[in-house]
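Input: a single structure, listed below in structure tokens.
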Amino acid sequence: MKKPIFLAAFLVISLPTTSPSAARAAKAVDQSEVAITLERSACLGPCPVYKVTIHGDGRVIFTTDTEPVGQVDEAHRRFVQSDGVLLPGTHEDNVSAADVAALIERFRAAGFWKLRHAYSTPVNDSPAYVVTFDTGKSRKTVIGYVGSESAMPHSVTELEEAIDRVAGTDRWVRGTQGLLPWLERAGFDFHSGKAAELAGAAAFGDGAEETVLGLIDRGAPLDGNVTVSGSWRASPVLSTKSAGILITESAIKRGYAKLFRRMAAAGWLEKMGVANAAQAFAENAAGCSPQLVDAAADAGVDIDVGGQRSADDDPDGPEGKTALAELATSYACEGREADRVKTAERLLAHGANPNRRDSLGRTPLYGVESPDLLNFLLQHGADATAKSIDGQSMVFGSWTDAIVLRLLEAGASPAGHYDVDGVRTLAEQAKYRKMPLVANWLAAHPEAYHR
């Protein structure tokens, strides 16, 4: 990574100084004059870029029409294609005065007026978060730029989250369920092409399943074509396709079983193609959703087909990995480890083969890092003695001490070598990667090399 070049420029921001009346303002605030603002800047990724202001009378103004917060933000905006917000633009709403009063109290309790004006870390790939409290007489801004690494009190992050929560920004940013009633109040045309685009974007992005279903229930036309792109300017733009097919694909990728059943019942699975659905199912590890496994199997999707290599995949990587095999490393399961095992359970219940090999001869045991998933597979017929086409056992898919040890105990061969970190034997890797359990086991079982 190159040495940061934008940080100094980022920090040169015109910051209002705390006035002499700051201490008094912290104690006595005229709520009718208060304005609390949170601004989130761009990053080198899909970070949401917006500014939201909550006024003392409860008015909320949210907008994605913002100026860059210094040169780092300006540089980031040249590389990202999206502002990371589902429904960009300027939107307004109202919250209760009581909620605003409670938010003001949080600022007082956090000692906001005593905080530094900026907490920054010397990196250049992250977003900045800017919090401003304006009493009408005094004004203070606190900037956090990877502030957690620069002694920024956690209370600042809690204030940022509280502002978002009171303002309800998630409905516009991610498409949570609060979006639908707001759209209704705003007089949104649910039968318009914009509704179809919104449903497709919510399904493809981070929208709630109920939001997508709600848009469909309210009449979003799914036959029209929509286009969704990635968050980087270099990202490929998806080919234009009907909203119905895009939503069906997204339901599979995200594990939205209820949405998938709705789309299948409406004929969209047939329009997408059952074989294409099977590919998406495999490549996305069934969305790490046990419910989707049942829904897909009920709809006639082959839940044990091997996925094809895409243009973005490593050309030397395997092809033909099933959903069960993809579960080993799928990001779809991040934060939902219990679902990783439950999804495997449903896959096996519907006939998935725990020993099916990909194009390199690797089985679903290869690359597993979850002890629970590993034990489940071994308990349900996965063969630890299996070897890939080049003769390597499944232990060479991991260098996690407990994982490799479990495979060795189950019969895997220690003979062979890793094809990453240089060419190392298991014993060499155990020393390099600090795997004492494996090192001790190898020393006690020299005969295992003949497996």
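The values are calculated or read from the model by the stated rules, or taken from the named source; none is laboratory data. Quantities reported herein were computed from a predicted structural model and do not represent experimental measurements. Using ideal geometry, Cβ is built from the backbone for each residue, glycine included, and neighbour counts are taken over all protein chains shown.
Side notes on the structure shown:
- Any hit, segment 184-192, residues being part of a helix (DSSP H, G or I), closer than 19 Å to Val95 by Cα and out of contact with any Pro (no Cβ under 9 Å at 6 or more places or on another chain): yes
- Taken over segment 243-258, the criterion of being surrounded by fewer than 23 Cβ atoms within 10 Å (Cβ to Cβ) and among the hydrophobic types (A, V, I, L, M, F, W, C) is satisfied by Ile245, Ala257.
- Within segment 212-228, the only residue that satisfies the criterion of being surrounded by 23 or more Cβ atoms within 10 Å (Cβ to Cβ) and over 14 Å from Trp268 (Cβ atoms) is Leu215.
- Any hit, segment 61-74, residues being surrounded by fewer than 19 Cβ atoms within 10 Å (Cβ to Cβ), at pLDDT 85 or above, under 24 Å from Phe107 (Cβ atoms) and not polar (S, T, N, Q): yes
- Beta carbons closer than 9 Å, at least 6 apart along the sequence or on distinct chains, pair a first residue in segment 391-404 that is farther than 16 Å from Tyr432 by Cβ with a second that is basic (Lys, Arg) for Gln392/Arg362; Ser393/Lys387; Ser393/Arg451; Met394/Arg362; Met394/Lys387; Gly397/Arg362.
- Against the list (1) closer than 26 Å to Asp339 by Cα; (2) in contact with a strand residue (DSSP E or B) (Cβ under 6 Å, 6 or more places away or on another chain); (3) not hydroxyl-bearing (Ser, Thr, Tyr), the condition Gln379 fails is (2).
- Residue in segment 80-117 that is surrounded by the most Cβ atoms within 10 Å (Cβ to Cβ), counting only those that are small (Gly, Ala, Ser) and under 20 Å from Tyr129 (Cβ atoms): Gly84
- Among residues that are surrounded by fewer than 19 Cβ atoms within 10 Å (Cβ to Cβ), on the phi > 0 side of the Ramachandran plot and either in contact (Cβ under 8 Å) with a residue 24 or more places away in the chain or of a type outside the set (Lys, Arg) (or both), Gly335 is included.
- Candidates Thr66, Thr132, filtered to the one that is of a type in the set (Ser, Thr, Tyr), more than 22 Å from the chain's Cα centre (by Cα) and part of a loop (DSSP other than H, G, I, E, B): Thr66
- Among the numbered conditions (1) at pLDDT below 95; (2) on the phi > 0 side of the Ramachandran plot; (3) touching a helix residue (DSSP H, G or I) at 6+ places or on another chain (Cβ under 7 Å), the only one that Gly306 does not meet is (2).
- Whichever residue in segment 134-190 is touching a Phe, Trp or Tyr at 6+ places or on another chain (Cβ under 7 Å) and among the polar types (S, T, N, Q) and, among such residues, is nearest to Arg106 (Cα to Cα): Thr169
- Residue count for segment 353-383 satisfying the condition of being in a loop (DSSP other than H, G, I, E, B), hydrophobic (A, V, I, L, M, F, W, C) and surrounded by 21 or more Cβ atoms within 10 Å (Cβ to Cβ): 3.
- Restricting segment 325-342 to residues that are assigned to a loop (DSSP other than H, G, I, E, B) and out of contact with any helix residue (DSSP H, G or I) (no Cβ under 8 Å at 6 or more places or on another chain), the residue that is farthest from Ala282 (Cα to Cα) is Gly335.
- Output for segment 385-417, where each listed residue is in a loop (DSSP other than H, G, I, E, B) and more than 14 Å from Arg357 (Cβ to Cβ): Ser398, Trp399, Thr400, Ala410, Gly411, Ala412, Ser413, Pro414, Ala415, Gly416, His417
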